[in-house]
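Taking it in order: structure first as structure tokens, then the write-up.
The values are calculated or read from the model by the stated rules, or taken from the named source; none is laboratory data. All of these numbers come straight from a predicted model, not from anything done at the bench. When we count neighbours, we look across all protein chains shown, and the Cβ atoms used for this are built from the backbone with ideal geometry, even at glycine.
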Amino acid sequence: MVISWRMIFLRDFQEPSWQVREAPGMLLAVSRRPAFAFGFRNILSDVAWLEAVQVTGNRKMTRWEYDRLYELLNVVSNFDPRFEIPYLLGGLVLGESTPHAQKALHVLGRGKEQFPADWRFPFYMGFTHYFSLGDGIAGGWAMGEAARLPGSPAYLPGLASRMLSEAREPGVALVLLATIVRQESDPARRAVLERRIREVTVERDLQALEKAVETFREKTGGVPESLQDLVRERILEGIPPEPNGGRYVIDREGKVRSDQVAQRLQVFQQK
């Protein structure tokens, strides 16, 4: 059995003690001058990508972890610009955090420069514009660009037109997401899309429950003690199931929340 230096290098540097965990900034600085890698560009790219994969594996990423992921993705693409998976998966994960959506677009944009004929890059840029930034115009134009590239799915022109014409409604967003997730074959990207479906579902349900609470207030002059009061008053037929396995609750002031979601999804809230 032949063991290459590349295999040994990757084995040794997957240990948690390696300094990419503590100082990715130093590796980023080196990646901006790839000649300083002395022939180890692909190896260093692989090491940074392995670390990025570990970061994305956290169920609830912190803001610092999103920043760290962005830096690691830049390291990967600086060393190995033709490595396409980090652009797609990394950009999609960054887009889950609205404050990092512009960084997601930057990562996807770099991928688009390297692979201009690949419809997936403008497609996921359109996805980020619409689902992370609430910008249907930019999302629709990007989807339209993807639709014009060879090999793109037949549903893209219709998706683009809906993004351009529809308001930022969570119900509309769920229809679009269902179309997208059915076409995604990559398990990692599909998992990100399914998480987004759960997030948008929570926002849709909370908006409906808030509207029902307001109807209850107008009808009775008070706030329901529990959400079941909305059913007893025949304002709702039932309380929707919380998609993360939790439940929806109401406080004394009439504010409704999910016991599994710390923050509302701002993109689809009405302004």
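Residue by residue through the stretch 100-124, note down the ones that are aliphatic (A, V, I, L, M) and without any contact (Cβ under 8 Å) to a residue 24 or more places away in the chain. Answer for the stretch 100-124, where residues must be aliphatic (A, V, I, L, M) and without any contact (Cβ under 8 Å) to a residue 24 or more places away in the chain: just Leu108. Taking the criterion of being of a type in the set (A, V, I, L, M) and surrounded by fewer than 22 Cβ atoms within 10 Å (Cβ to Cβ), the only residue of the stretch 90-110 that qualifies is Ala101.
Selection within the stretch 136-172: residues that are among the charged types (D, E, K, R) and at pLDDT 90 or above. The member of this set that is nearest to the chain's Cα centre (by Cα) is Glu145.
The rows are residues; the columns are (1) closer than 29 Å to Val55 by Cα; (2) out of contact with any Cys (no Cβ under 6 Å at 6 or more places or on another chain); (3) not small (Gly, Ala, Ser).
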position	(1), (2), (3)
Arg162	no, yes, yes
Val172	no, yes, yes
Leu177	yes, yes, yes
Ser185	yes, yes, no
Glu214	no, yes, yes
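Residues in the stretch 147-166 that are polar (S, T, N, Q) and within 20 Å of Ala117 (Cα to Cα): Ser152 only. Note on the stretch 146-164: residues that are of a type in the set (Gly, Ala, Ser) and in contact (Cβ under 8 Å) with a residue 24 or more places away in the chain total 5. Only one of the listed residues (Leu133, Leu92, Leu177, Leu88) is in the same structural domain as Arg204 (by TED's automatic domain parsing) and touching a residue at least 40 places away in the same chain (Cβ under 8 Å). That residue is Leu177.
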